[in-house]
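**Student:** I have a structure I would like to understand better, so I am pasting it below and will then ask my questions one at a time.
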Amino acid sequence: MKMKVLILAAALTASILAGCTPKAEAEPKPTETPTQEETNKDTTLTEEKSTQDKEQKVDAVTTASIVDSEDAFEKAIGKDGTWIICALKDLTFEKDLVLEGEFKNGKKNDDGTDAIQRKIALYTQDDDRKVTNRFTLTAPKLTIKSPNARIQSGTFKGELYVETNDFQLVDAVVEGNIYFNSEDAKAGFKMDEKSSITGKQEVR
């Protein structure tokens, strides 16, 4: 009887110990190595995205802004705007404006460098590039800071301040004065025979 009790106790102890022993953790699955086809696909997608990003940056630089509101015009002439700003109607401001930032027009110079240009186009035209409508931009003051900038085929009413050495009027009217910040700015200013200025031109 004593022997049976000892055997039963030993079996019970083994059962308890087995229940407390933690189960062996499952072996981790091996990491799958991407195939050459998948690697090539990922590389192609990365290259396509990079190309697309570059094209979008180019478009952002060379695209025109077609504006029909004061808010849109003010945004377009800023340093984060576009190289050409095309008005669709007369625009009137009660505050001073600044044309600033350096922009490329998407063309090349004779030496192969990118052409820098900025244009405020106060007109619309037909397919033959004939001017169909002319508009008036009115503001107390417009300061020109963008290089190789011009106002074309429309009217600006207000005081015009020029801080660059290559500003132009093309088939445009300035109803007001033009003030240059240096003699070089005045000497570099050009206007064609279709343009006119009602006020004075002086260095200030």
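The values are calculated or read from the model by the stated rules, or taken from the named source; none is laboratory data. Values in this document were obtained by computation on a predicted structure and should not be read as measured data. Glycine gets a Cβ as well: all are built from the backbone with ideal geometry, and neighbour counts include every protein chain shown. Quick note on the areas: whole protein, heavy atoms, side chains included, nothing else; ligands and nucleic acids left out. Shrake-Rupley method; radii C 1.70, N 1.55, O 1.52, S 1.80 Å.
**Student:** For segment 125-204, what % of the accessible area comes from carbon and sulfur atoms, probe 1.4 Å? Write out the running numbers ahead of the final one.
**Tutor:** Values: 1590 of 4180 Å².
The computed percentage sits at 38.
**Student:** Distance cut-off 26 Å, Cα to Cα: go down the list LYS108/LYS141; LYS104/LYS200; LYS104/LYS186; LYS79/LYS130 and report the pairs above it. If you can, show how the numbers build up before the last one.
**Tutor:** On the way: LYS108/LYS141 32 Å; LYS104/LYS200 31 Å; LYS104/LYS186 24 Å; LYS79/LYS130 30 Å.
Flagged as over cut-off: LYS108/LYS141; LYS104/LYS200; LYS79/LYS130.
**Student:** Tell me, what is the 1.4 Å probe accessible area of ILE116, in Å² to the nearest 10?
**Tutor:** 50 Å²
**Student:** How much FRET efficiency would the formula 1/(1 + (r/R0)^6) give for THR138 and LYS190, where r is the Cβ-Cβ distance and R0 is 30 Å, rounded to 0.05?
**Tutor:** Numbers: r = 24 Å, r/R0 = 0.79.
Once rounded, the FRET efficiency stands at 0.80.
**Student:** I would also like to ask the following. Between ARG129 and LYS104, what FRET efficiency comes out of the Förster formula 1/(1 + (r/R0)^6) with R0 = 25 Å and r the beta carbon distance, rounded to 0.05?
**Tutor:** Values: r = 22 Å, r/R0 = 0.87.
Result of the calculation: an efficiency of 0.70.
**Student:** Quick one: accessible area per residue over segment 94-204, 1.4 Å probe, rounded to a whole number of Å²?
**Tutor:** Working: 5970 Å² over 111 residues.
Using a 1.4 Å probe on heavy atoms only, each residue of segment 94-204 averages 54 Å².
**Student:** OK, next. Beyond a 24 Å Cα-Cα separation, which of these cross-linked pairs lie in this structure: LYS75/LYS194; LYS95/LYS119; LYS75/LYS190?
**Tutor:** Numbers: LYS75/LYS194 29 Å; LYS95/LYS119 20 Å; LYS75/LYS190 26 Å.
In this structure, LYS75/LYS194; LYS75/LYS190 exceed 24 Å between Cα atoms.
**Student:** Next question, about the same structure. Charges only on Cβ, +1 for Lys and Arg, -1 for Asp and Glu: so what's the dipole of segment 127-204 about the Cα centre, in debye to the nearest 20?
**Tutor:** Roughly 200 debye for segment 127-204.
**Student:** Under a Cβ-only charge scheme (Lys and Arg +1, Asp and Glu -1), can you give me the dipole magnitude of segment 89-170 about the Cα centre, in debye to the nearest 20? Intermediate values should be presented prior to the final figure.
**Tutor:** On the way: 14 positive and 14 negative charges, 41 e Å.
Roughly 200 debye, rounded to the nearest 20.
**Student:** Just reorder THR82, THR132 by solvent-accessible area, largest first, 1.4 Å probe, all chains present.
**Tutor:** Details: THR82 15, THR132 75 Å².
Most to least solvent-accessible, the answer reads THR132, THR82.
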